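The values are calculated or read from the model by the stated rules, or taken from the named source; none is laboratory data. Treat the numbers as computed from the prediction; the structure is a model and nothing was measured. Here the Cβ positions follow ideal geometry from the backbone for every residue, glycine too, while neighbour counts run over all protein chains shown.
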Amino acid sequence: MAVNEPYKMEILDSIKEDPITIYHIGNEWWDLCAGPHVESTGKINNKAFQLESIAGAYWRGDEKKPMLQRIYGTAWENEEQLKAYLYFKEEAKRRDHRRIGQDLDLFSIQEEAGGGLVFWHPKGAIVRHIIEDSWRKTHIEHGYDLLFTPHVARADLWKISGHLDFYKENMYDQMEIEDELYQLRPMNCPYHILVYKRKLHSYRDFPIRVAELGTVYRYELSGSLHGLFRVRGFTQDDAHIFCLEDQIKDEIRGVLDLTEEILLQFGFSKYEVNLSTRPEKAVGDDDIWEKATVALKDALDDKGWSYQIDEGGGAFYGPKIDLKIEDSLGRKWQCSTIQAKKRRPIMIHRAVLGSLERFFGVLIEHYAGDFPLWLAPIQARVLPVTDTQ
């Protein structure tokens, strides 16, 4: 079937154990496909079907592989559903943060510097400054201490933290400086642990809450980069809470309250909540994972939020709570995360805004660039009545 079709052969070679599915439509057309398909084209309502666009796409999103042509189309049960979808799509296009960011001169991505690296322009920088000020003020009110940490570290640190074993494909290559290997940070967590470890702590010191707006760097294929939503360098609002076992429920509940407060400040009141459990590749004992998962579940139950279980969706070092905020078009965006790691003491890792760049992109599309007054880069202008004035 696919001997003369190298892309299909590559797909076949990548399927090790799963069954291979081949679909037939009518008598002539058949192909390798994950499906599902209708029995025949006659089953499709031609008034609820539309071809949308043609675009180039790298095979499997890798710029080193050939450019192919991708044809986009959509099919619905009836004409009304198609019209609703097309309206949604047009509205999403109108709100596209890449277009608005250019029209309002908020940010840019300069190819001379490299893909996925964001330049904040003066107006965008004003909005970022407002976001950061609000974030810092709220965290200080909730008992957090603020940190600033380096952008690079010795490669040994990432080996100790487990990132080289579990996250290497998302990290940039190591660089040699004075016979030592260094690496750009993909996460802030090990730095906060180093700050915590600098001295002994009494049980009276707990809980210890530290937070940082720290810039991190993660390798992404060029084909997957998308405006502010998928970048290679971004600022993460990371925080870590070190607490005793009898404090964990109250601390996680406090994080949930803080998350709700901050998201409401920016106009987000609807979110989908997922409790993600141990993935296949993970570190730690089963019983430690179980205790950490139960702690997160108890805090969610105490908060009264409805949530779904995402089996195997946790981080390699611990279970987590993920919040997807809902924007004005009903789209859901992953921003907030809360993770628990059972140790002595217990460490809770959390991010409320997630990537500051992505959150800004969500804000732009949520408000279609028409920010609330307190968040607007230009809040007032004086207009003369005549030219002489």
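Of the strands (runs of 3 or more DSSP E) contained entirely in segment 1-108, those carrying at least 3 residues that are out of contact with any His (no Cβ under 9 Å at 6 or more places or on another chain), exposed (fewer than 11 other Cβ atoms within 10 Å of the Cβ) and at pLDDT 75 or above fall at 49-58, 67-75.
Output yes when any residue across segment 283-295 is closer than 16 Å to Gly162 by Cα and touching a residue at least 40 places away in the same chain (Cβ under 8 Å), and no when none is.
Narrowing segment 283-295 to residues closer than 16 Å to Gly162 by Cα: 283-285.
Subset that is touching a residue at least 40 places away in the same chain (Cβ under 8 Å): 283-284.
Within segment 283-295, one or more residues are closer than 16 Å to Gly162 by Cα and touching a residue at least 40 places away in the same chain (Cβ under 8 Å).
For segment 199-224, filtering for residues that are modelled with pLDDT of 90 or more, over 26 Å from Asp250 (Cβ atoms) and not in a strand (DSSP E or B) leaves 2. Going residue by residue through segment 273-287, is there one that turns out to be outside any strand (DSSP E or B), assigned by TED's automatic domain parsing to the domain that holds Leu363 and at pLDDT 85 or above? Yes, some residue in segment 273-287 is outside any strand (DSSP E or B), assigned by TED's automatic domain parsing to the domain that holds Leu363 and at pLDDT 85 or above.
Just one of the numbered conditions (1) modelled with pLDDT under 90; (2) buried (at least 21 other Cβ atoms within 10 Å of the Cβ); (3) β-branched (Val, Ile, Thr) is not true of Ile241: (1). Within segment 225-240, can one find any residue that is more than 30 Å from Phe371 (Cα to Cα) and among the acidic types (Asp, Glu)? Within segment 225-240, none of the residues are more than 30 Å from Phe371 (Cα to Cα) and among the acidic types (Asp, Glu).
When you check Gln69 against the structure, is it in contact with a Gly (Cβ under 7 Å, 6 or more places away or on another chain) and within 30 Å of Asp327 (Cα to Cα), yes or no?
So Gln69 fails the test.
A single entry from Gly314, Gly361 fulfils the requirement of being small (Gly, Ala, Ser), closer than 23 Å to Arg98 by Cβ and under 17 Å from the mean Cα position of the chain (by Cα): Gly361. Here Trp333 meets the list (1) in contact with a helix residue (DSSP H, G or I) (Cβ under 6 Å, 6 or more places away or on another chain); (2) more than 25 Å from Gly233 (Cβ to Cβ) almost entirely, failing just condition (2).
Among the residues of segment 278-301, those identified as in contact with a helix residue (DSSP H, G or I) (Cβ under 8 Å, 6 or more places away or on another chain) and within 30 Å of His366 (Cβ to Cβ) are Leu296, Ala299, Leu300. Every listed requirement among (1) touching a His at 6+ places or on another chain (Cβ under 8 Å); (2) hydrophobic (A, V, I, L, M, F, W, C); (3) not in a strand (DSSP E or B) is met by Leu194 save one, (1). Among all positions in segment 252-262, there is no residue which is polar (S, T, N, Q), more than 16 Å from the chain's Cα centre (by Cα) and closer than 25 Å to Pro190 by Cα.
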